[in-house]
Amino acid sequence: QVQLVESGGGLVQAGGSLRLSCAASGIIFSYNTMEWYRQAPGKQRELVATITSGYSTNYADSVKGRFTISRDNAKNTVYLQMNSLKPEDTAVYYCAANRIRRYWGQGTQVTVSS
């Protein structure tokens, strides 16, 4: 059974930082591209950052220079370090494992107050 469990969300003031974690089980973690998405109220889910099995990373333009995705294959965990947070970063953040198919976590709420 595949499980992706996000943690680390919360309420932070604009300019602050949060680090999200996503612990995976039931998959061969190191083979998967890991992804972070977010969905704000009334908006479509959008891709925020990806990290491949070869540690290549990619970011949405809106978060470049502020967010950093990383992975620890020994811990089956992917992280999203979020700095210089803005109110428009407020959303539910989801991690996903993508290889043959995409598996989703349940999401964690991030709220950035102005």
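Partner lysines whose Cα lies under 27 Å from the Cα of K75, excluding those fewer than 8 positions away in the same chain, are identified as K64.
When DSSP beta bridges are restricted to pairs lying wholly in segment 1-92, around 100% turn out antiparallel. Nonpolar atom fraction for the chain, defined as the carbon and sulfur part of the 1.4 Å probe accessible area, stands at 45 percent. Couplings 3J(HN,Hα) for segment 75-83, derived from phi with the Karplus relation 6.51 cos²θ - 1.76 cosθ + 1.60 (θ = phi - 60°), are 9, 6, 9, 10, 10, 9, 8, 10, 10 Hz, where x marks Gly and Pro. Ignoring solvent entirely, what values of log10 I(q)/I(0) come out of the Debye formula for segment 1-65 at 0.15 Å⁻¹ when each Cα is a single scatterer? Values returned for q = 0.15 Å⁻¹ are -0.61. A simple spin-label model places the labels of Y55 and K86 3.0 nm from each other, with each point 7 Å out along Cα-to-Cβ. Among all the aspartates and glutamates, which ones have a C-alpha under 20 Å from K86's C-alpha, if same-chain residues fewer than 8 places away are not counted? Qualifying aspartates and glutamates at Cα under 20 Å: E46, D61. Dividing the alpha-carbon radius of gyration of segment 39-80 by the rule-of-thumb value 2.2 N^0.38 Å gives 1.31. Dipole magnitude for the chain: computed about the Cα centre from +1 point charges on Lys and Arg Cβ and -1 point charges on Asp and Glu Cβ, it is near 160 debye.
Ligands, DNA and RNA are left out, and with a 1.4 angstrom probe the accessible area of segment 17-114 is 51 Å² per residue. Here segment 1-20 and segment 45-112 have alpha carbon centers that stand 10 Å from each other.
The values are calculated or read from the model by the stated rules, or taken from the named source; none is laboratory data. Note that this is a predicted model, so its numbers are computed, not measured. As a convention, Cβ positions derive from the backbone with ideal geometry for all residues, glycine included, and neighbour counts pool all protein chains shown. In case anyone asks, the SASA skips ligands and DNA or RNA and just uses the protein heavy atoms, side chains included. Shrake-Rupley method; radii C 1.70, N 1.55, O 1.52, S 1.80 Å.
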